[in-house]
Amino acid sequence: MIINGAGSSVGAYAVQLAKRAGLFVVAIAGSSKVYAKNLGADVVIDYREHKGDDLVRIISPPKAFTERI
């Protein structure tokens, strides 16, 4: 599950709920990336270091853009 704003109060709650449900959590946060990791996020991406298309490439499997469903 991808959670944008994982360092906010609602985002933090979402991280905890997703982990409790057994999901793999990718958290997108800024200065609160350590906080998101401590909440249980499997991967934390700092949105200030990666913009737009970079974020999509990081969190998407390579075939997502070439495979038709």
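The values are calculated or read from the model by the stated rules, or taken from the named source; none is laboratory data. Here the structure is a predicted model, which means the values were calculated and not measured. Reconstructed Cβ throughout: ideal geometry from the backbone, glycine too, with neighbour counts over all protein chains shown. For the accessible areas, the whole protein counts, side chains as well, though only heavy atoms, and no ligand, DNA or RNA atoms are used. Shrake-Rupley method; radii C 1.70, N 1.55, O 1.52, S 1.80 Å.
Summed over the stretch 1-38, residues that are within 12 Å of the chain's Cα centre (by Cα) and of a type outside the set (Lys, Arg) total 21.
Looking across the stretch 30-40, the residues that are surrounded by fewer than 19 Cβ atoms within 10 Å (Cβ to Cβ) and not in a helix (DSSP H, G or I) come down to GLY30, SER31, GLY40. Scanning for something part of a loop (DSSP other than H, G, I, E, B), modelled with pLDDT under 85 and open to solvent by 80 Å² or more (accessible area, probe 1.4 Å), does the stretch 14-29 turn up at least one residue? Scanning the stretch 14-29, I find no residue that is part of a loop (DSSP other than H, G, I, E, B), modelled with pLDDT under 85 and open to solvent by 80 Å² or more (accessible area, probe 1.4 Å), so the answer is no.
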